[in-house]
Ligand code: UN1
């Protein structure tokens, strides 16, 4: 449970709820003989203050250590994660709900980030610029910022930490991490592994400081002048929780009826404003509304496999999930008919079980949002071609869903965080690009075609307006070597590879 300050929980005792609650009402009595998996105590503001003081002290030591030596520490973190890959992957699956290969894949992503960062630690190169003064030259030197705040979401509870923390650490920064309130066990497990490496090397543990907590801690990070850079990835659940806290504190009024997408944008803006008010820097990764375009010359089987992975994978809870499928009119019916058949065969079930393709949604609220979303879709003229219902069983299972709808429908502009795919028809490439670019978000996009002239238009100035512009691969599955992030309401941040590291340092000319 998380998302609010401790005061927000006080009402629970009014309902007869305590810190530990038996979960079965049997024959008139509360009981529960199954195991309590874990109890987690969230951070208070006092914990935060103490943590930040220690972190600020550790920063003085860490930034003095030569970058390649910092890289060696990150290499050891990668090695420690490698030995725990399977267990961590299982924990990600258990706590987040994604299927086991995705849980393991996510931990592998942070291991890969460690490897990447080790190499980078020897390449934080500055430059020499000719001076107009005789016998002078200009140097550009990259220095650490000090402390980097990382706020992550439930859907990638450890990979997103990796994109930010591995780079931040080799760049000479301490890390202050707040994981999602609904994935605290991963936050604790990851922190423990990093802490052991730091201890073994006689380094201050506060180099890597972490908190399980909700909006109160997130807001403290956003407002903290000791943290020059805040990287914020927002899930709708987390963001709604943050928004509710803001409403509670009366910072903003009159947005009670805002839709989830507006919440994401509004809360993203609030985080950004809080950071910018103190002249801090922000890396925002807020939401996606990613389209796959299938041209008339596309390899249809390849496109179908990609759509399935991109739209149903992680139960549609990736920022890079394909939410809109734009089909050329000449292939429309064939693709839709085949996809419906494939969707009917998707193996839904226990994410830890071999062969499962679609696990549950993350929380009961996610399931409620799915139900509400389907109602809105129908009210706005969407036709459900397959799926559209929750599955009547224990757990937050829903059917993978395909909806035929006009690109102009308001609901298509929003990010419904579940396995719901909107299909629509187009006639020309220009029309497809226009639809691709017609949503507030700008994270990922993909086109399926064999024609070089289409590919070059797609990746050029008049093509996709997204941060990630793919050809003949799904919208998700971005590689760490590239800079990850998107434009417009996605927030503009770039994480992981390429020259993203420069944002984690300050330039001295
Ligand atoms: C996200 O959905 O926020 O591209 C991250 C992918 C992953 C990361 C997604 N590498 O699907």
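General observations
- Qualifying residue in the stretch 192-201 (condition: outside the structural domain of residue 319 (by TED's automatic domain parsing), within 16 Å of the ligand (Cβ to nearest atom) and at pLDDT 95 or above): no
- Sole residue being surrounded by 20 or more Cβ atoms within 10 Å (Cβ to Cβ) and either in contact (Cβ under 8 Å) with a residue 12 or more places away in the chain or within 16 Å of the ligand (Cβ to nearest atom) (or both), chosen from 427, 441: 441
- Test: residue in the stretch 407-415 that is within 16 Å of the ligand (Cβ to nearest atom), outside the structural domain of residue 104 (by TED's automatic domain parsing) and not in a strand (DSSP E or B): yes
- Residues (over 19 Å from residue 311 (Cα atoms) and within 16 Å of the ligand (Cβ to nearest atom)) located in the stretch 489-507: 489, 491, 492, 493, 494, 495, 496, 497, 498, 500
- The residues of the stretch 316-357 that are within 16 Å of the ligand (Cβ to nearest atom) and in contact with a helix residue (DSSP H, G or I) (Cβ under 6 Å, 6 or more places away or on another chain) amount to a single one, 322.
- All positions within the stretch 456-466 that are surrounded by 15 or more Cβ atoms within 10 Å (Cβ to Cβ) and either within 11 Å of the ligand (Cβ to nearest atom) or over 17 Å from residue 285 (Cβ atoms) (or both): 457, 458, 463, 464
The values are calculated or read from the model by the stated rules, or taken from the named source; none is laboratory data. In this text the structure is predicted, and so the values were computed from the model without any measurement. Note: ideal-geometry Cβ built from the backbone for every residue, glycine included; neighbour counts use all protein chains shown.
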